[in-house]
Amino acid sequence: MRTRPSNMLQPLKGTLVFMAAAIIIFMAFRPGFSQEVTKKAKSDPIRITADKLVADNQKRSAVFSGSVKAVQGNTVITTDRLTLYYTSQGEATPSSQADSIERMEALGHVRIEFDNKVAVSNQAVYIIAERKLILTGQESKVVSGQDEIVGSKITFYRDNGRVALEGDDQTRVKAIIHSDQRGLN
């Protein structure tokens, strides 16, 4: 019995949907306040390398593992494991993309270079609808030039630029701020 070509393309179609969704996710890490920058960022390809990729349509996820590196424009994410979670918004057809990314999780030795900043943590979660990046783990930190913030949980609200830091029993919130003004002196 011969398999129809459309049935053979189903696994490939799912992988292509994951890759298209990855483009949407990583766009969120780019500076996107001007339309010019956003248009340019959309045209930049995303390059993801890893030792392994497992896509699971039933769990609605794609897991990249083993020395993961994702690059788009000036944004670089390195981690041990990168998981994309998506939700279906209707029945997919070959010409439509009915799946959309709900969130992205990076786990283990997370390093994110974006917007002239470097974020380092054990875990990073990006929630697409809220445009919220949450870094967690002992001594999670973000460095921008000579300035640095440290906490056990750092939350970036990308729409309004708000940042919230939290400490725990082992990690107190710390900030190093270099100022041209005299500050406390």
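For the stretch 156-173, filtering for residues that are over 22 Å from I128 (Cα atoms), modelled with pLDDT of 85 or more and not acidic (D, E) leaves 4. Could you tell me whether A92 is surrounded by fewer than 16 Cβ atoms within 10 Å (Cβ to Cβ), among the aliphatic types (A, V, I, L, M) and at pLDDT below 95? So A92 passes the test.
If you go through the stretch 107-129 and keep only what is among the hydrophobic types (A, V, I, L, M, F, W, C) and in contact (Cβ under 8 Å) with a residue 60 or more places away in the chain, you end up with I112, F114, I128.
Report yes if K141 is farther than 30 Å from T87 by Cβ, in contact (Cβ under 8 Å) with a residue 12 or more places away in the chain and within 18 Å of the chain's Cα centre (by Cα), otherwise no. It is true that K141 is farther than 30 Å from T87 by Cβ, in contact (Cβ under 8 Å) with a residue 12 or more places away in the chain and within 18 Å of the chain's Cα centre (by Cα). Here the stretch 128-143 is the region considered, the condition is being modelled with pLDDT of 90 or more and out of contact with any Ser or Thr (no Cβ under 8 Å at 6 or more places or on another chain), and the residue that is surrounded by the fewest Cβ atoms within 10 Å (Cβ to Cβ) is E130.
Flag set for A55, criterion: farther than 28 Å from V150 by Cβ and either assigned to a strand (DSSP E or B) or modelled with pLDDT of 95 or more (or both). Restrict the check to the stretch 130-138 and report whether at least one residue is within 18 Å of G167 (Cα to Cα), acidic (D, E) and without any contact (Cβ under 8 Å) to a residue 40 or more places away in the chain. Looking through the stretch 130-138, none of the residues is within 18 Å of G167 (Cα to Cα), acidic (D, E) and without any contact (Cβ under 8 Å) to a residue 40 or more places away in the chain.
The values are calculated or read from the model by the stated rules, or taken from the named source; none is laboratory data. Since the model is a prediction, treat every value here as computed from it, not as a measurement. Using ideal geometry, Cβ is built from the backbone for each residue, glycine included, and neighbour counts are taken over all protein chains shown.
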